[in-house]
Each structure stands twice: as structure tokens, then as C-alpha cells.
1. In the range 29-44, what residues are aromatic (Phe, Trp, Tyr) and either assigned to a loop (DSSP other than H, G, I, E, B) or more than 9 Å from the ligand (Cβ to nearest atom) (or both)?
2. If you check Leu171, Leu212, which single one turns out to be more than 17 Å from the chain's Cα centre (by Cα), part of a helix (DSSP H, G or I) and modelled with pLDDT of 95 or more?
3. Mind listing whichever residues of the range 163-195 are surrounded by fewer than 23 Cβ atoms within 10 Å (Cβ to Cβ), within 22 Å of Gly225 (Cα to Cα) and of a type in the set (Gly, Ala, Ser)?
4. Of Gly16, Gly53, which residue is surrounded by fewer than 19 Cβ atoms within 10 Å (Cβ to Cβ) and either among the charged types (D, E, K, R) or away from the ligand (no atom under 13 Å from the Cβ) (or both)?
5. What residue, among those in the range 62-89 that are hydrophobic (A, V, I, L, M, F, W, C) and farther than 17 Å from Val188 by Cα, is nearest to the ligand (Cβ to nearest atom)?
6. Return the residues of the range 93-152 that are over 23 Å from Thr201 (Cα atoms) and either in contact with a Gly (Cβ under 6 Å, 6 or more places away or on another chain) or of a type in the set (A, V, I, L, M) (or both); say none if nothing qualifies.
7. Taking the options Ile47, Ile26, name whichever one is within 14 Å of the ligand (Cβ to nearest atom) and either part of a strand (DSSP E or B) or touching a residue at least 40 places away in the same chain (Cβ under 8 Å) (or both).
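The values are calculated or read from the model by the stated rules, or taken from the named source; none is laboratory data. A quick note: this is a predicted structure, and the numbers were derived from the prediction, not measured. Neighbour counts run over all protein chains shown; Cβ positions are idealised from the backbone, glycine included.
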Amino acid sequence: MTTPTLKLYELVLANGRSVSPYVWRIRYALAHKGLNFESVPLGFTDIPRAFGGEFKLVPVLEHDGKRMNESWDIAAYLDRAFPDRPALFATPAEFAMARLHDEWFASVLMRPLFGVYALDIHDAARPEDRDYYRRTREQRVKGVTLEAYTAGRETRLPAIRLALAPLRQQLARHPFLGGERPNYCDYVTLGAFHWVASVATVPLLAADDQVLRDWLERGLDLFGGVGRDPRMRALFEP
Ligand SMILES: N[C@@H](CCC(=O)N[C@@H](CS)C(=O)NCC(=O)O)C(=O)O
């Protein structure tokens, strides 16, 4: 079924791949609801121009000419605007629990992951975006260069792998974080792995991390394989 009125503004790298973890969760959310969309690829430095300064970050979703940002607002909007499609959040409690999952993942994992992949993102960005990315990200880490910020990054991988233990425990009980079927917790988490897989020059996960490997394979296969992309880099050590 086509829904030509939806446009998703995405952040892309030099190879054209969509990189943002927040965009990826909306890609999955749209697929979950069976909604097609037109993709509008933007580089880092295109974003302010594309929205006349109204939005500084993507995802931005356009529906019937109305634009909105913030991935959580977009996800909630999709359930309101398309109530006849499969719900992303079956109840307010599910919405609240998925937000809790996102808060946990963001506070425990997103910054350490940035610490490992900050320079890889720079190197994978479009050449015309690299100076902007470096300047803004080095400001964010108090003027430390991306090279210094990521130095010795391999030594930080064991702690990150350990921090993923709650996911493995849940996935030993159920095929998806959401239980028998994927829910927004899966999309939030898959989004982060897509971010890493877009840029990683060092694999995040150990070769024998079978539980996460199996879940990722299931996640990539969802909705006819929307997550499959030959440009993805290895997430697992050989
Ligand atoms: N809270 C926002 C975060 C979105 C966000 O951080 N987007 C990043 C990409 S991961 C972005 O657009 N960055 C552009 C820039 O830094 O100029 C959401 O959930 O949508």
C-alpha cells in the first residue's frame, strides 16, 4: 500500500547510507505500521538549509505538508494519525516502558558508543560535512580532538559488551525485546546498532555473542528486510 504523502528526512554518509539511530527507529516504526515514505537524504550541513532553520536535527517527518521532528513525538504521532495500522504502542504503559528502555540505553550505552565510533563517523561522513562534524563534536567533548577522544578505544569494548547484558537476558527468554513480536524497544536498539554498523572500523561485539547475533539477524529481516544493506560494516569480531 502506498502513502505518497509521507517524507522522511534522513542523515546520510558519503556512501549514501542512512546513519542516524533516531532516523532508523522511525524507519522501523514506519515499516511496523506498513507505511511507505519518500526518503529525503541530507548531509550534516544540508540540515539547517533544508528547514530554513526550523529544525536542526533529523529525523523530520512530513505528512500532508506538515513537518515534525523529535523521534518520540513522531512515533506517537504515527499511532494517532494512522490508528487503523498496527499500533507501535498498544497501551500508554507500553509507551512508558519503551521510553524507560530508551532512557536506559541512552544513558548507559550511547555515550560510550560515541567514544568508540566518533572518529569513524567523521571519516564516513560526506567530505563537505567533515569539518562541521569535527567542530561540533569536539566542542561537545570539551575541545578534545576526535583522535584523542577515541584513542585506546578497544580497551573500552569489554565494558560496553558487559553493559548489554540485560538485552541478552531478555533475548534468552523471548525472540524480541518486546516479547514474541518486536516493539519500539527493539527499534530503538536496532537503530543504535545500525548507527554503529554504518561506520564501524572496529567490530562492537564478540564473535561468540550468539544471542545478540540471532536477534540482530531477526531484526534485519523484519518487514521484508528493511534493515538489510550491503553497506553495513561488521558488528561482530571474526
Ligand atoms: N532527540 C532527537 C535526536 C536527533 C538527533 O540527535 N539527530 C542527529 C543525528 S543522530 C542530527 O540530526 N544531527 C545533525 C547535526 O548534528 O547537525 C530525536 O530523538 O529525534
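1. We begin by selecting, within the range 29-44, every residue aromatic (Phe, Trp, Tyr); these are 37, 44.
Listed by number, the list holds a single entry, Phe37.
2. Details: Leu212 fails: more than 17 Å from the chain's Cα centre (by Cα).
Selected residue: Leu171, the only one of Leu171, Leu212 that is more than 17 Å from the chain's Cα centre (by Cα), part of a helix (DSSP H, G or I) and modelled with pLDDT of 95 or more.
3. Gly178, Gly179, Ala192
4. Details: Gly53 fails: either among the charged types (D, E, K, R) or away from the ligand (no atom under 13 Å from the Cβ) (or both).
Answer to the selection: Gly16.
5. Keep residues of the range 62-89 that are hydrophobic (A, V, I, L, M, F, W, C), which gives 68, 72, 74-76, 78, 81-82, 87-89.
Adding the requirement that they be farther than 17 Å from Val188 by Cα leaves 68, 81-82.
On the way: Met68: 10, Ala81: 17, Phe82: 19 Å.
The selected residue is Met68.
6. Of the residues in the range 93-152, the ones over 23 Å from Thr201 (Cα atoms) are 93-104, 107, 139, 142-143.
Residues satisfying the conditions are Ala93, Ala96, Met97, Ala98, Leu100.
7. Working: Ile47 fails: either part of a strand (DSSP E or B) or touching a residue at least 40 places away in the same chain (Cβ under 8 Å) (or both).
Every option except Ile26 fails the conditions.
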